[in-house]
Amino acid sequence: MEETPQHCLSRLPDNSALKQQELPAHRLYFTARRVLFVFFTTGIFCLCMGIILILSARSTQEIEINYTRICANCAKLRENASNFDKECTCSIPFYLSGKMMGNVYMYYKLYGFYQNLYRYVRSRSNRQLVGKDVKAVEDCAPFKMSENKTPIVPCGAIANSMFNDTIILSHNINSSVQIKVPMLKSGLTWWTDKYVKFQNPSSKNLADEFRGTTKPPNWPKPIYDLDKKDPRNNGFLNDDFIVWMRAAAFPTFKKLYGRLNRTHHFIEGLPAGNYSFNITYNFPVTRFQGEKSVVLSTLTWCGGNSLFLGLAYTVTGAITWLASFAMMAIHITLKNKQMSFFHQ
Amino acid sequence: MSRATSVGDQLEAPARTIYLNQPHLNKFRDNQISTAKYSVLTFLPRFLYEQIRRAANAFFLFIALLQQIPDVSPTGRYTTLVPLIIILTIAGIKEIVEDFKRHKADNAVNKKKTIVLRNGVWHTIVWKEVAVGDIVKVVNGQYLPADVVLLSSSEPQAMCYVETANLDGETNLKIRQGLSHTADMQTREVLMKLSGTIECEGPNRHLYDFTGNLNLDGKSLVALGPDQILLRGTQLRNTQWVFGIVVYTGHDTKLMQNSTKAPLKRSNVEKVTNVQILVLFGILLVMALVSSAGALYWNRSHGEKNWYIKKMDTTSDNFGYNLLTFIILYNNLIPISLLVTLEVVKYTQALFINWDTDMYYIGNDTPAMARTSNLNEELGQVKYLFSDKTGTLTCNIMNFKKCSIAGVTYGHFPELAREPSSDDFCRMPPPCSDSCDFDDPRLLKNIEDRHPTAPCIQEFLTLLAVCHTVVPEKDGDNIIYQASSPDEAALVKGAKKLGFVFTARTPFSVIIEAVSNTCVRFRSPTSVKIVPVKWHVCCKVQATRAAITQHCTDLGNLLGKENDVALIIDGHTLKYALSFEVRRSFLDLALSCKAVICCRVSPLQKSEIVDVVKKRVKAITLAIGDGANDVGMIQTAHVGVGISGNEGMQATNNSDYAIAQFSYLEKLLLVHGAWSYNRVTKCILYCFYKNVVLYIIELWFAFVNGFSGQILFERWCIGLYNVIFTALPPFTLGIFERSCTQESMLRFPQLYKITQNGEGFNTKVFWGHCINALVHSLILFWFPMKALEHDTVLTSGHATDYLFVGNIVYTYVVVTVCLKAGLETTAWTKFSHLAVWGSMLTWLVFFGIYSTIWPTIPIAPDMRGQATMVLSSAHFWLGLFLVPTACLIEDVAWRAAKHTCKKTLLEEVQELETKSRVLGKAVLRDSNGKRLNERDRLIKRLGRKTPPTLFRGSSLQQGYAFSQEEHGAVSQEEVIRAYDTTKKKCRKK
C-alpha cells in the first residue's frame, strides 16, 4: 500500500489555486491612516462640489407665481363641475426685477396632485397612443368607454385629467403697449415620446381616423382638435398632451409648458420689467385642496435653482471632515497605549 | 430518546419460507438496489413537492398565485413566478447532478457479476438478477451479492473467513461455519438435487441475529443461526469458494436495512435564519397592514375630493384587497434567492473540502468527502468533540513503547522533549512492521541481575504473552499474529521482542517460548493453563453505585470551575453515572474537566453521552469515529465525522463528513469550518441587507403616493434584482471570502473562537444589518427625492416622471449594494471584482437595452427612452457619487472607529499577514524597538504546524474520547480460545 505509484493516485484532488482556495487576493484594509486619507479627500471633494453646485444653482433665476387663489372667482367657479363650459380668464401682473438671461422655460406646477397613484398610473393604453390600434382601451379602466359604449380616445384617467389651462405671458413695455412673449410649444417632450411612443394613426385626416371614438369626459374638445394649426402638434403628437402623459413621481411636480422663442426683443432672454400672465382658468385644483402655479426659470449645467444637491454635498463633506477629525483624535490618544491582542 | 440507531424499533416483517431449487415459488423483492431519490418519471412531482414544502418557496408560490388575481398585483403577473422558476431550475439542476451520481453508483453495484446455479448449470449473472432461493458460488476476494445461508466451503467443516468491514467497520477476519449437515454438499450434482425449505424470520436490520430452520427433504429439521449467514457486502477471505442459498435480496438484506437515511441534520445557522425569515415575514405583514391602514385613511380623506380618480372602481377602498396588494409589493423583503444561493454556496464549499489536497491521504488514495453540505458552517462552531479512541485516534497502529513494572518505568522517548502533537498520532504511519519500538536494555538486565523486581518483571512479561486472544500463525520461521485488536498484537509483539515468544495456542493452553536474547541463550517452552474467567459484575453493582455517588459528592467542590484534569470513566460505571439521579452531577463534573475519557463503552452509551451533552449545554457537538460502533454517536452529534479508508464504510456512510486521517480534523474545523461559517453568515446577512435596502424604499414611496400600492421601479427591474443584478456578490462572499489565509487559520487557532461563539451571526448582528439597511434605504430614497422633487434636472428643461426617479434610485441601490459587498469582502479575488463591477455593469447594460425595446417587443413601454434621459442628467451623475458615498461612509467610519479603538484578533492577524507579506519576513517591533516576543514566536512558527496545546486549550473546550468495546457476531473470544494452532490445517493456498 505504501508504494502506490503516482499515476495510481486517481483520486488525488487537482492542485490548482482555485480548488485549493489560494486564489491571489488583495485586501481592503481599514487602517487609521488610510481611512483618514480617504475621509479627508472625500470631504474636500464633497465640500468643493457643494460650493460649486450652490453657486451654479444661484446663478439661475426662477419666478414662481401661485395663481390658485389670485384668480379666486375662477377657482370658485371650477369648484362646481357643472360649470365646465363657462370660460374664466384671469390676468396676473408681476414685475421682473432682473433680466432672465439665456433660455427661459415656462412650467406649470401642481401641488397635491397625485399622478403617482397606482390605479392612475396604470390607466392608460400605450397601444392606443402608439397609433396602432386606437380602439385598444383594455388597460384604461375606469375611462375605457363612454356611456354609449364607444371607446374613449385617449382613454384612461391620465389623459382624462390633462392639464388644460392656457397661459399666455405678456410683456408690458409701458402702460399702453403690451406685447405677447413668443413661446415655443415644440421640443417640450422627450425625443422618444414624440417620435416613438406617441404616433398618430395617419397624418392625412385625423378626424377620420378617430371616427367611432369619443373624447374623454373632462375634455372640452376631441384629441384631433388640440392644435388645428400645426398637424405635427395635433392628436397624440400634441406636446402638452405628451408632457402630461408622463406620470410624475411626487404629488408636487412641474411640467414644461413652453420655451422662450429668443427672437427680436427677447433675443437675450427676458428683459426686466412688467409682465403679466393671462390665464384661461380651466383646471380645478381647489376641489382636491391642491394648488397650481406658473414658473419661469433659466437653467444651468446642473439643472435649475434647487439648492438641495449642493447642500447635500456640503453637508456630507462637512460630516465626513468632522468624522475624520474625531477619528484622528481617537487615533492619536489611543496610539500610544494601543493594546495588542498578543500582549494580553 | 428516539435514536435512529436503536435497533428493534421496527415492526417485524413476516417470516419467510424459501423453497430450494424451486425458483417459481419464491416471490420476494429482487436484488436490485436503488439509493437514488428520483427516477425520470418521479423527478418533477417529487422535486416540486420537496421544494414547495420549504416555507420560503411556499410563500413565493403563494405570492405568485396572488399575482394572478386581476388588479391586485402592482408588479404584474409573472414577476415572482419567473424568478421562482429560475431558482427552482437551479435547485433542480443541483438535484439532478447529485442524483445522477447515485444512479451511477447504484448501477455499478447492480451490474457486479456473480455465479449462480440455475437449471443445473453455473451461470454468471449480474447482481440485480440474483433471486431468493438461488444457490450462489462466491470465490475468494469477492463480495457477497445478497444475504446467503452458508452451505459448504472449500475449507474443512464448511468454515470460511469473511471480512465485514462494510457492515461494522471491523477489518479482522471473522469465521462463519456451515452446518455439518450441509458441509459435504460440494458439487454441482449434489446441489442440484437439493430439495426442501428454509424457514427464516422476515427481513430486519439486526446484523448479529438470524434465526431459521433448514428443512431438507427426508432429513430432520436443523436450526440455522447467525454463524451460518453471510451478509451482503461482506468479503470472502482466505477461502477458495463457498456455496450458499440466497435468503434476503436487495433492500431486504441486512446491509440495506441498516443503511437507512441518516437523520436530516439542520445547522444552527439555518435554524436561526429560518427564525429570522419568520420575523421578516412578520415585519412584512406589519408593513402591509400599516400601508393598508394608510390607504384606508388616504382614501377617506382624499378619495372623494380627487376628481381625477373619483370614478375609479371601489377596489381601492377594500382593505383586504389593499392588504394583498401590499403583501405582493413588499414580498421581496424576504430574499427569494437566499435558499438557492445558500444551496449553491454550500455545495461549492463542500467541493472545496473534497478538493483539499491537505486532507488527501496518499496511503489509501482517499480524499476528504463532504457527504452533506448542510453542515459546513456547523464545522466552524464545534465546542465539544467526541472521539472514538481505538482506530480513530490510533489508526489501529499500536506500538509497545513503554511500561512500568513495580514502580520502575522502562522504555524512553527520544522525542518526548517535543510537545506531543496531533501529528504524532496519525500523520506518519510507523515504518517498522514489527510494531515494537521498545528499546530499553535495563529491563532484561534487571532480570539477569536478579533485581528485586525481577519476579514481577517475569510475571509481567508472561502475562503480556498469555492474556489475549491472539492467534499465532507460523509462516516458516516467522510467527504472524492474527489479532482482533491491534493493542493485543502490540503487547504480544512487545513480549516477543523481550524474549517471551507466544508460539502456539491449544484450546486449553498457550505455549510460550522464553528466549533470552542476551549472551546466554536457552529455550524453555512453557505451557500455561488458561482458566476461563467470567467477564464478575453482579456483585459489584451496588458497590459501584454507592461509589459513584460518593465520588460525585467528593468531587462536588470541583464543580462549577474549569478543572485542569481529565476524567476517566468506564462503561459499567458510566451506566450508573448516567442514571437519572446523578446524571446532572456527573455531567457538571464532566463539563468542568478538560477532557473526559470513557472506556469500554457500548455504542449506545456513546450516543447517549453525546445526546446528554448536546441537550445540556446547547453547544455544537462533533463526533468522530471509524467503526460501526460509532454510528450512533455520529448520527446523534450535530456533526458526525467518519474516518474513511481502511476501516470499512459503516461510519463513513453515516457520517456527514468523511476524512482519511484523524489529524485532518484540524484543517476541517479550523479552516473549512471557520471559513464556511464566516462565508455563509456573511452571505445570509448580505442577502437580507440588500433586500431590505431595496424593498423598504417601496414603503417610503408609499408615503408620497397615498399608499396606493404604486411601485417606484419598473416591475421587471424589481423581479430581476435578486436573480441577476445583485445575484453575484452573495456568491463571491459565500464562496471566495477569506478572513485570513489558511496558514494563519491553522497557526492561530484562537481565531476559531470567533466562529465558535457565533460572533458573526446572532440576533444582534442581524438587526444591526437590518437597521443599517434601513438607514441606507432612507438615504437612497430621500436624497434623490429631495433633489428631484422641485428641480428641473434635465438641462433641456424637460419634465421627468416616476420611473425616471425610480431608475435613478434603482441604479444607486445597485451601486451601493454592490459596493457594500465589496466592503464586506476581506479577500478581493478576481471573482469579487467580477461580481461587484460586473453587477453594476450588467444593470447599466440591461437598463440601456431595456429602454429601447418598446414597441418592438411589447413590454415596458414606460421604460422607453429612460436610459438616455437618466444618463444625460447631471443630477444623476452627481448623485451617483454622493448617495452611495453618504451611505457607505457611515459603514466605513464605524468600522474604522472600531478598528482604531480596539483591534480584534482577526484584524491583528490580518495585519500580521500583510506585513509579513510586505517585509518578506516579519520582525515586528513595538514602539521601543523591542521585538514583540509573542509575535516573534508566532512568526517563527511559520511553516510549522499548530502546536496542539493551542488547539486543545483554547479552541475546543472539551474532548471526549471513547475506548472501543469489542463485540462481534459470534463471540470472537470463544472461537479463538477454541483454536488449536498446533494442529496442521489443511489449507490449500
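Data overview
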{"read-out": "Rg/Rh ratio calculated on Cα atoms of the stretch B:852-898 (Kirkwood radius)", "value": "1.32"}
{"read-out": "D (Stokes-Einstein, µm²/s), Kirkwood Cα radius, the stretch B:687-782, 0.692 mPa s at 37 °C", "value": "204 µm²/s"}
{"read-out": "Reduction of at least 40 Å² in accessible surface, 1.4 Å probe, comparing all protein chains with the chain by itself, residues of the stretch A:24-40", "value": "A:Ala25, A:His26, A:Arg27, A:Leu28, A:Tyr29, A:Phe30, A:Phe39"}
{"read-out": "Protein-protein interface of the stretch B:668-717, residues with accessible area decrease of at least 50 Å², isolated chain reference, 1.4 Å probe", "value": "B:Val704, B:Ser708, B:Gln710"}
{"read-out": "Counting all C-alpha pairs of chain A, share separated by more than 32 Å (%)", "value": "52 percent"}
{"read-out": "Computed accessible area, A:Lys135, all protein chains, 1.4 angstrom probe, square angstrom", "value": "110 Å²"}
{"read-out": "Entries in B:Lys493/B:Lys614; A:Lys86/A:Lys197; B:Lys497/B:Lys594; B:Lys820/B:Lys898 that, when Cα-Cα distance is taken, lie over 29 Å", "value": "B:Lys493/B:Lys614; A:Lys86/A:Lys197; B:Lys497/B:Lys594"}
{"read-out": "Calculated from backbone phi, Karplus (6.51, -1.76, 1.60) coupling profile of the stretch B:854-871 in Hz, x at Gly/Pro", "value": "6, x, 4, 10, x, 10, 6, x, 6, 7, 4, x, 5, 4, 4, 5, 4, 6"}
{"read-out": "Apportionment of accessible area to carbon and sulfur, the stretch B:677-902, percent (1.4 Å)", "value": "72 percent"}
{"read-out": "Inverse of mean 1/r across different Cα pairs in the stretch A:72-189, Kirkwood, Å", "value": "18.1 Å"}
{"read-out": "Protein accessible area in the stretch B:95-162, 1.4 Å probe - carbon and sulfur %", "value": "57 percent"}
{"read-out": "Per-selection metrics, the stretch B:677-902 (Cα): Rg and Dmax in Å", "value": "19.2, 64"}
{"read-out": "Within 10 Å of each Cβ in A:300-311, the average number of Cβ atoms from other chains", "value": "6"}
{"read-out": "HN-Hα J in Hz across the stretch A:256-270 - Karplus 6.51, -1.76, 1.60, θ = phi - 60°, x for Gly and Pro", "value": "5, 10, x, 10, 5, 7, 7, 10, 6, 5, 10, 5, 9, x, 8"}
{"read-out": "List of the stretch A:184-218 residues, accessible area with partners at least 20 Å² below that of the chain alone (1.4 Å probe)", "value": "A:Trp190, A:Thr192, A:Val196, A:Lys197, A:Asn218"}
{"read-out": "Sequence-distant residues sharing a close amide H with B:Thr506 (under 5 Å, placed H)", "value": "B:Ile511, B:Thr981"}
{"read-out": "Summed buried accessible surface, chains B and A, 1.4 Å probe, nearest 100 Å²", "value": "9600 Å²"}
{"read-out": "Along each principal axis, Cα extent of the stretch B:264-392, largest first, Å", "value": "84, 26, 19"}
{"read-out": "Selected from A:Arg27, A:Arg287, A:Arg262 as most flexible by GNM, with chain A as the system and alpha-carbon contacts under 10 Å", "value": "A:Arg27"}
{"read-out": "The stretch B:32-129: relative contact order in percent, alpha carbon pairs under 8 Å with at least 6 residues between", "value": "30 percent"}
{"read-out": "Whole-Hz ³J(HN,Hα) from phi, Karplus 6.51 cos²θ - 1.76 cosθ + 1.60, for the stretch B:218-230, glycine and proline x", "value": "x, 10, 7, 5, 10, 7, 10, x, x, 5, 9, 9, 10"}
{"read-out": "Amide H within-cut-off set for B:Ile18, under 5 Å, with H built and near neighbours excluded", "value": "B:Ile198, B:Glu199, B:Cys200"}
{"read-out": "Area accessible to solvent at B:Val286, 1.4 Å probe radius, in Å²", "value": "90 Å²"}
{"read-out": "Hull-based mean projected area of the stretch B:32-129, where the convex hull spans the alpha carbons, in square nanometres", "value": "8.2 nm²"}
{"read-out": "The stretch B:677-902: relative contact order as a whole-number percent, Cα under 8 Å and 6+ apart", "value": "28 percent"}
{"read-out": "A:Met145 long-range amide H proximity, modeled H, under 5 Å", "value": "A:Ile152"}
{"read-out": "Taking the stretch B:628-766 and dividing mean pair separation by its residue count, relative contact order in percent (alpha carbons under 8 Å, at least six apart)", "value": "24 percent"}
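The values are calculated or read from the model by the stated rules, or taken from the named source; none is laboratory data. Quantities reported herein were computed from a predicted structural model and do not represent experimental measurements. For neighbour counting, all protein chains shown are included, and Cβ atoms are generated from backbone atoms with ideal geometry for every residue, glycine included. Surface areas here come from the heavy atoms of the whole protein model, side chains and all, with no ligands, DNA or RNA. Shrake-Rupley method; radii C 1.70, N 1.55, O 1.52, S 1.80 Å.
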